[in-house]
Each structure stands twice: as C-alpha cells, then as structure tokens.
1. Would you point out which residue out of 201, 229, 205 is over 30 Å from residue 483 (Cβ atoms) and either within 16 Å of ligand 2 (Cβ to nearest atom) or of a type in the set (Lys, Arg) (or both)?
2. When region 440-488 is examined, which residues are found to be out of contact with any strand residue (DSSP E or B) (no Cβ under 6 Å at 6 or more places or on another chain), away from ligand 1 (no atom under 15 Å from the Cβ) and more than 16 Å from residue 409 (Cα to Cα)?
3. I'm checking my understanding of the structure. Among residues of region 435-461 that are under 27 Å from residue 398 (Cβ atoms) and of a type in the set (S, T, N, Q), which one is surrounded by the most Cβ atoms within 10 Å (Cβ to Cβ)?
4. Restricting to region 430-488, give me the number of residues that are assigned to a strand (DSSP E or B), within 14 Å of ligand 2 (Cβ to nearest atom) and within 27 Å of residue 354 (Cβ to Cβ).
5. What pairs come out if I take residues in region 462-477 that are within 17 Å of residue 399 (Cα to Cα) and pair them with residues that are assigned to a loop (DSSP other than H, G, I, E, B) and within 12 Å of ligand 2 (Cβ to nearest atom) whose C-beta lies under 8 Å away, six or more apart or interchain?
6. Counting only residues that are in contact with a helix residue (DSSP H, G or I) (Cβ under 6 Å, 6 or more places away or on another chain) and crowded, with 17+ Cβ neighbours inside 10 Å, which one in region 360-417 is modelled with the lowest pLDDT?
7. Just wondering, is there one or more residues in region 278-300 that are surrounded by 19 or more Cβ atoms within 10 Å (Cβ to Cβ) and at pLDDT below 95?
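The values are calculated or read from the model by the stated rules, or taken from the named source; none is laboratory data. Since we're looking at a predicted model, the values are computed, not measured. All Cβ positions, even for glycine, are placed from backbone atoms using ideal geometry, and neighbour counts span all protein chains on display.
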Amino acid sequence: MRRRQLLALCASGAGAVLLSRCSRGQTQSSPQSQVNLPKLHTSTNGLLKLDLEASVRQINLGNRTVDLLAYNGQIPGPRLEAQPGDTVRIQFQNNLPDPTNLHYHGLHIPPTGNADNVFLSVGSGEQVTYEFSIPQTHSGGLAYYHPHLHGYVADQILGGLGGIFIVRGPLDEIPEIQAAEESFLFLKDFVVEQDQPMMGRMAGREGDLVTVNGQVNPSFSIPAGGLARLRLVNASNARFYRLALEKHPFYLISTDGHPLSVPVEMSELLLSPGERAEVLVRGEQEPGEYRLLDLPYSRGQMGMMGQNRRRPGMMGRGHRGPGMMHPNNQDSPQTLAILSYSGQAEPQSLPPKLLPVDALAAPTTERKFALNHGMVPGQGMVFLINGKSFDPQRIDTEVALDTIEDWEIANTGVMDHPFHLHTNPFQVIARNGKPEPYRTWKDTVLIPTGETVRIRIPFKDYPGKTVYHCHILDHEELGMMGTIEMKG
Ligand code: C2O
Ligand code: CU
C-alpha cells in the first residue's frame with residue numbers, strides 16, 4: 001500500500017472561527033478570516049483560462065495547520081465559472097510527489113485527449129494543458145473537478161484536492177433564483193489527528209474534521225423574507241451527509257447540475273460522495289441563527305463481512321472515527337454550518353416552475369450490474385462489479401452512440417455504493433421496481449445495500465472510453481470500477 005505524504009500535524013494556528021460568504025460574482029471574507037477563500041475564475045470573451053497547480057501545502061484548517069494537497073494553495077480549489085459554448089483552457093502543473101490528473105465530474109465533454117480523460121497521467125513535475133469546449137446545449141449547473149488517476153484518487157481526494165466548476169445557464173435567469181442569496185457549500189472531511197488503518201479503506205475512509213468550504217462551522221446568510229440558494233457538493237472520500245436545516249425545509253431545484261421542472265419540498269437531503277444538489281430556503285422564520293445539520297446515517301455493516309480486526313484504539317476521535325465497523329453510524333446530529341439572517345429582502349415566493357425535463361424514449365438495450373465485494377487470498381477485500389475487479393485494459397461495456405440504454409444496478413453487498421457514470425448523465429427510472437416520483441438528471445446515484453436502481457442513459461456526442469464506478473473512492477481503488485467504450 002502506497003504511503004501517503006499528507007496529514008503531518010504541524011504547529012497549531014489561531015483558533016479563529018472562520019466565516020465567509022460567497023455571493024454571486026464575488027468572493028468575500030469576514031475580516032478575521034484566515035483561509036485562502038477559493039478564488040473565482042470566470043470566462044471572458046468565451047474563454048476560461050487559468051493556471052492550476054496541485055501541490056502539498058500547509059493549510060490552516062479549523063484551528064490547526066495541516067499538510068494537505070491543494071489546487072493553487074487553496075482548500076477548496078479555485079471556483080471556475082463558464083458559460084455554455086465557452087472554451088476552457090487549464091494549464092495544469094503537477095507539483096505533487098505522485099502522478100495525478102483532472103476529472104470534470106458533471107461536465108458533458110469528451111472523455112478523450114486533453115479533456116475529461118481519466119486514463120491520462122500527469123507525472124510528478126509535469127505540465128499538461130487541458131482544453132475542451134462546453135457544448136452550447138450544456139445544462140447550467142454545479143460540477144466538481146477532482147483528481148482521477150486510478151491508484152491515487154482516494155488518497156488525493158482525502159488529502160484535499162477538489163473544486164467547484166459552475167456552468168451558468170437559464171436556471172440562473174429565473175427571477176426568483178436570481179434574487180436569491182447564492183452560497184456554495186463544499187462539504188469535505190479531512191484526517192487531521194491520525195493515520196488510517198487498512199480497515200478504514202474497506203469501509204471507505206472518513207476524516208475526523210468536517211468542513212464546509214475548508215472552514216469549521218462557517219455561516220452563510222439569508223435575507224429575512226427572501227430566498228437563499230444553497231449549492232451543495234459532497235466532495236468527501238466516503239462520508240455521506242444527511243442534511244437538514246433547523247426550522248427550514250429545503251426546496252430542491254437541481255440535482256447533479258441539472259434543474260428540476262418544479263421545486264420539490266423536502267425536510268432532509270441525503271448526499272453521497274460525488275453528488276451535488278441545489279436547494280432554495282425561504283427566510284420566513286424569526287431572524288436568527290439556525291444550524292445546518294448532518295443527521296445520523298448508517299451506510300452499511302462492515303462487521304458482516306467477516307472483517308473483525310478493529311481494535312478499540314483504532315476508532316479515532318468522536319463517534320465517526322475512520323476505522324469504524326459501522327461506517328458513518330454517528331448517533332447524534334452534527335452541526336456543519338450556521339444559516340444566519342442578515343438584512344431584509346422584498347418578500348420573495350418560490351419560483352412556480354423551473355425548466356422542462358424531457359422524458360426519454362424507451363431503451364434499445366438493457367443491462368444488469370451487480371455491485372458486491374469478495375475476499376481474494378493475498379489481496380484481502382476486493383470490490384467488484386459483475387464479479388470483476390477493475391482492469392483498465394478490459395472493455396466491460398460497449399455501447400453505441402445515439403442509443404438509449406437502461407441499466408439495472410443491484411447492490412448485493414452489505415455497504416451502500418454511490419454509482420457514478422462519466423460523460424453522459426442519466427435519469428433514475430425506478431428504485432426497487434417503484435417509479436421515481438419526479439424526473440431529473442443525475443450522474444451519481446446511491447444504490448443502498450440490498451436495493452436495485454434502474455437508470456436510463458442516452459449516449460450522446462462523444463465516442464471513446466471512460467469509466468463508471470463507486471464514488472466511495474476507496475471502493476473504486478479496491479476494484480469497484482468498470483470501463484465503457486462508446487462507439488460512433
Ligand atoms: Cu467524481 Cu469518476 O468521479
Ligand atoms: Cu462503494
């Protein structure tokens with residue numbers, strides 16, 4: 001197992017609670033803020049151009065200084081914003097000790113060449129220019145860039161790498177949404193206290209410090225009477241977030257960067273790794289402060305896999321130590337951030353409708369996938385799709401462009417797995433045979449243990465080879481990834 005370079009705990013910095021607020025078009029910080037707030041890079045004249053460097057940096061996190069992996073020295077990495085039709089040119093410099101690359105999770109762009117190519121390896125000390133254009137018809141929404149070189153992904157994401165990629169679009173032009181206070185919440189946990197046992201990889205490693213935009217318990221604001229628009233990314237290696245906001249329901253408006261047709265009210269929202277969601281919140285309570293909570297959720301039973309090597313000392317701090325037998329089985333709500341009323345807005349109602357979501361035609365092909373795990377002598381636990389562990393040389397699934405397929409994905413193991421397909425988004429058709437209550441596009445869907453989810457995928461525009469995998473990145477590294485070749 002490769003050694004990680006991160007996580008050396010250094011001298012502690014000042015214990016300031018870091019507060020910040022990102023509003024549309026600008027990045028602001030409160031005066032006492034000490035973190036590097038993610039810099040915003042927007043496209044001009046149809047071109048988004050920037051230098052992006054990955055390196056090991058000392059970052060102030062919570063009240064300590066930690067060695068992390070960062071893009072441009074920032075946690076999270078710079079926020080990138082483009083429009084449909086734009087060209088994106090990123091001069092990428094790898095100053096990490098290991099090879100890496102970039103994946104643009106949620107962008108419908110080529111999976112080949114110097115675009116969204118997970119098979120491209122950028123060696124330590126090397127530079128590569130990523131260049132692609134965002135299709136004119138691209139949906140406006142929230143995407144997530146992060147490293148994706150097999151063998152290094154989990155360590156590099158747990159180490160800190162990742163950032164937000166926004167495509168602006170018609171959703172942003174809906175008057176009620178335009179008037180809403182926009183906040184970005186990049187949810188990510190870090191290991192600051194201890195190294196992780198191997199057992200943690202099987203469960204999927206969780207850090208002991210949970211942050212929002214690299215900050216511990218920051219606040220974001222809502223005007224009294226107005227709306228807040230929360231744009232959420234689960235950028236964690238393995239941690240799930242079961243979110244609820246005190247006294248405020250969520251109105252879901254977008255999933256994985258794709259708008260819904262109408263807002264859907266929900267009291268809580270589960271985000272598994274790789275998933276994004278956008279919600280509106282109404283500022284209709286007594287002005288004050290309300291906690292954004294992460295509620296208890298169990299994502300499986302490691303104990304049932306016959307693995308029983310955990311010693312009490314491996315638990316780590318808190319209820320959700322990294323080597324847990326019952327991953328994520330915290331027993332009480334944790335506070336992630338504070339919603340704080342500030343100012344007054346013209347009373348604002350919810351937008352009655354958003355953007356149309358077209359139904360897909362019937363599929364021409366149906367496939368079945370089973371997610372499971374098994375013991376391999378000498379290798380330990382491996383994670384499997386249809387009984388196979390990842391092999392980049394093998395083509396597991398061959399599809400024809402301009403066709404529609406249904407994939408029925410069954411989780412026959414004992415842990416939840418968020419299933420992510422690159423390049424082409426899909427619609428969830430049914431869960432356990434029950435039709436999905438509303439239509440929306442996704443690129444990552446949670447397949448809970450024992451359940452079966454049917455998705456419908458139109459394969460469009462780009463030939464080439466890419467992957468689908470579990471977005472608990474330790475599971476991906478341990479084999480739960482398959483290859484797909486799209487043929488024109
Ligand atoms: Cu966000 Cu293949 O990953
Ligand atoms: Cu998994």
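1. Values: 201 fails: over 30 Å from residue 483 (Cβ atoms); 205 fails: over 30 Å from residue 483 (Cβ atoms).
Going through 201, 229, 205 in turn, just one is over 30 Å from residue 483 (Cβ atoms) and either within 16 Å of ligand 2 (Cβ to nearest atom) or of a type in the set (Lys, Arg) (or both): 229.
2. Within region 440-488, 460, 461, 462, 488 qualify.
3. Only one residue tops the list, namely 444.
4. Looking only at that region, the number is 5.
5. 469/480
6. Here is the first cut: in region 360-417, the residues in contact with a helix residue (DSSP H, G or I) (Cβ under 6 Å, 6 or more places away or on another chain) are 381, 383, 414.
Checking which are crowded, with 17+ Cβ neighbours inside 10 Å leaves us with 381, 383.
Working: 381: 80, 383: 95.
It comes out as 381.
7. Yes, region 278-300 has at least one match.
Okay, residues lined up against (1) touching a residue at least 24 places away in the same chain (Cβ under 8 Å); (2) over 30 Å from residue 342 (Cβ atoms); (3) aliphatic (A, V, I, L, M):
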{"position": "104", "(1), (2), (3)": "yes, yes, no"}
{"position": "125", "(1), (2), (3)": "yes, yes, no"}
{"position": "129", "(1), (2), (3)": "yes, yes, no"}
{"position": "132", "(1), (2), (3)": "yes, yes, no"}
{"position": "154", "(1), (2), (3)": "yes, yes, yes"}
{"position": "182", "(1), (2), (3)": "yes, no, no"}
